[in-house]
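Working notes, beginning with the structure itself.
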Amino acid sequence: MAEFLDGVRSSARRVDRSPQLVGLVRRARRVLPGDQGFGDPLSVAGDGGARAVARVAERVFPDSTGASREAGFAALQVWQAVREWSGRGEGDAEVTLVFTDLVSFSTWALGAGDEATLRLLRAVAGAVEPEIVARGGRVVKRMGDGLLADFRSPERALEAVVAARAALAGVEVDGYRPVVRVGIHSGHPRRMGDDWLGVDVNIAARMMEAGRDGNVVISEAVRDMLDPLWLQDQDLRLKEHRRFFLHRARGVPEDLRMFRVEGA
């Protein structure tokens with residue numbers, strides 16, 4: 001009996017690994033709704049029912065060449081797509097991305113040492129991140145002395161930035177008072193797990209780079225979405241920013257315009 005069961009399992013494995021069957025399932029995934037690459041480490045990172053099940057499935061189906069694994073991820077791919085369509089996922093909603101970075105941080109940290117640098121980063125996080133969360137934002141990832149956050153509206157993003165910069169004014173470590181430069185852009189980036197990818201992410205990062213010595217810089221897309229009366233109520237003013245020649249930067253449109261937020 002044991003030999004019979006071993007034979008059945010061996011035959012099942014051979015069928016599951018059949019190149020023809022695996023190829024058939026992979027071709028089917030290309031025409032199914034959703035991300036046909038769903039199941040790789042990038043796509044299943046972060047929260048969400050389909051992503052959590054996919055991480056379990058990766059352990060259940062460790063053989064990356066099996067048709068059963070591909071079929072399982074095909075089902076999860078469709079499930080994730082349905083969640084997007086029904087409004088329980090990210091869908092095609094407009095997302096406002098915020099990049100931050102500390103001015104002259106690397107130079108200061110080189111002389112300050114690790115202990116002082118860690119104290120500063122903790123103090124900065126304690127000042128900045130609560131303001132983001134309080135306004136419905138999400139810290140997507142931390143990158144040394146900066147971070148990427150996302151919001152559902154540019155107004156909420158700008159409110160969070162103004163509040164975070166005010167809170168940061170009270171931070172000082174070993175004579176260094178951190179100054180943050182900020183870039184904000186709204187668009188439709190590609191969601192990959194817990195992160196965002198695409199041109200819109202590049203644009204947001206370029207806005208931050210254009211901030212140079214501590215400015216808040218927004219893209220034309222954000223400018224167009226902001227109500228002038230709301231800006232007036234917030235005592236904020238926009239001025240076209242030309243210091244940084246973004247048309248020379250790779251990964252962003254050549255005709256990209258940006259604006260400095262004064263009063264932030």
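The values are calculated or read from the model by the stated rules, or taken from the named source; none is laboratory data. Treat the numbers as computed from the prediction; the structure is a model and nothing was measured. Positions of Cβ are backbone-derived with ideal geometry, glycine not excepted, and every protein chain shown enters the neighbour counts. When the accessible area is computed, the model is the full protein with side chains, heavy atoms only, and any ligands, DNA or RNA have been set aside. Shrake-Rupley method; radii C 1.70, N 1.55, O 1.52, S 1.80 Å.
Comparing Cα centroids, segment 107-135 and segment 150-165 end up 19 angstrom apart. The Cβ shell under 11 Å around Lys141 holds other residues with a net charge of -1, Lys and Arg each +1, Asp and Glu each -1.
Solvent-accessible surface (1.4 Å probe) assigned to Trp230 amounts to roughly 40 Å². Here's the picture: a label point sits 7 Å out from the Cα of Ser104 along the beta-carbon direction, and within segment 194-213 the residues with their amide nitrogen under 17 Å of it are 211-213. Between Arg237 and Val133, the FRET efficiency from the beta-carbon distance, with R0 = 41 Å, is close to 0.90. The simple Förster model, with R0 at 22 Å and r as the Cβ-Cβ distance, assigns Arg212 and Ala169 a FRET efficiency of 0.70.
The residues of segment 116-252 have, on average, 49 Å² of accessible surface per residue, using a 1.4 Å probe with all protein chains present.
Among the protein heavy atoms of segment 107-254, carbon and sulfur supply 49% of the accessible surface, probe 1.4 Å, non-protein parts ignored.
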